[in-house]
1. From the list LEU59, LEU35, pick out the single residue that is over 12 Å from GLU9 (Cβ atoms) and in contact with a Cys (Cβ under 6 Å, 6 or more places away or on another chain).
2. Counting just the residues of region 43-67 that are surrounded by fewer than 17 Cβ atoms within 10 Å (Cβ to Cβ) and in contact with a Leu (Cβ under 6 Å, 6 or more places away or on another chain), which one comes out nearest to ILE108 (Cα to Cα)?
3. Return yes when ASP81 is modelled with pLDDT under 95, closer than 30 Å to MET1 by Cα and of a type in the set (D, E, K, R) and no when it is not.
4. Cβ-Cβ below 9 Å, separation at least six or inter-chain, first residue in region 35-61 and under 23 Å from TYR5 (Cβ atoms), second among the basic types (Lys, Arg) and modelled with pLDDT of 95 or more: which pairs?
5. Given the conditions (1) in a helix (DSSP H, G or I); (2) in contact with a Phe, Trp or Tyr (Cβ under 6 Å, 6 or more places away or on another chain), report the number of the one that THR110 does not fulfil.
Amino acid sequence: MSNYYVRMEAAWLVRDVEDANDAIGVAISEAGKRLNEADLEYVDMDVGITTCPACGEGLDAAFVAADTALVGLALELEIFDAESEEHASRIATSEVGGALRNVPLKVIETVQTESEEEEAAGA
């Protein structure tokens with residue numbers, strides 16, 4: 001059994017906002033509240049980054065039209081004692097998806113980390 005670091009993205013819809021900064025604040029607040037209510041304080045969350053097609057620069061993943069925004073959130077968590085990368089991805093999706101119902105989620109990256117036993121053996 002190994003430990004894995006899982007990065008995910010979520011698409012959060014925010015209504016009645018004037019600009020992208022307001023939308024980002026509301027999305028992080030609402031998602032954080034739902035994660036905390038589900039005792040998932042260990043999930044790190046930030047606004048996602050998207051690349052500008054014209055200049056290639058990184059931009060906050062928030063799009064506002066008609067006072068409604070779609071905000072991309074980056075979620076990160078560590079999964080302990082999973083059998084494989086796929087198993088760790090399924091566990092992460094299940095945990096986060098339970099708290100963020102009806103929010104589209106996608107696993108971006110799953111990386112194996114050293115377990116505490118491996119770290120102790122290496123020391």
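1. LEU59
2. THR50
3. Against the criterion (modelled with pLDDT under 95, closer than 30 Å to MET1 by Cα and of a type in the set (D, E, K, R)), ASP81 qualifies.
4. LEU40/ARG34
5. Failing condition for THR110: (1).
The values are calculated or read from the model by the stated rules, or taken from the named source; none is laboratory data. Everything numeric here is computed off the predicted structure, so don't read it as measured data. Using ideal geometry, Cβ is built from the backbone for each residue, glycine included, and neighbour counts are taken over all protein chains shown.
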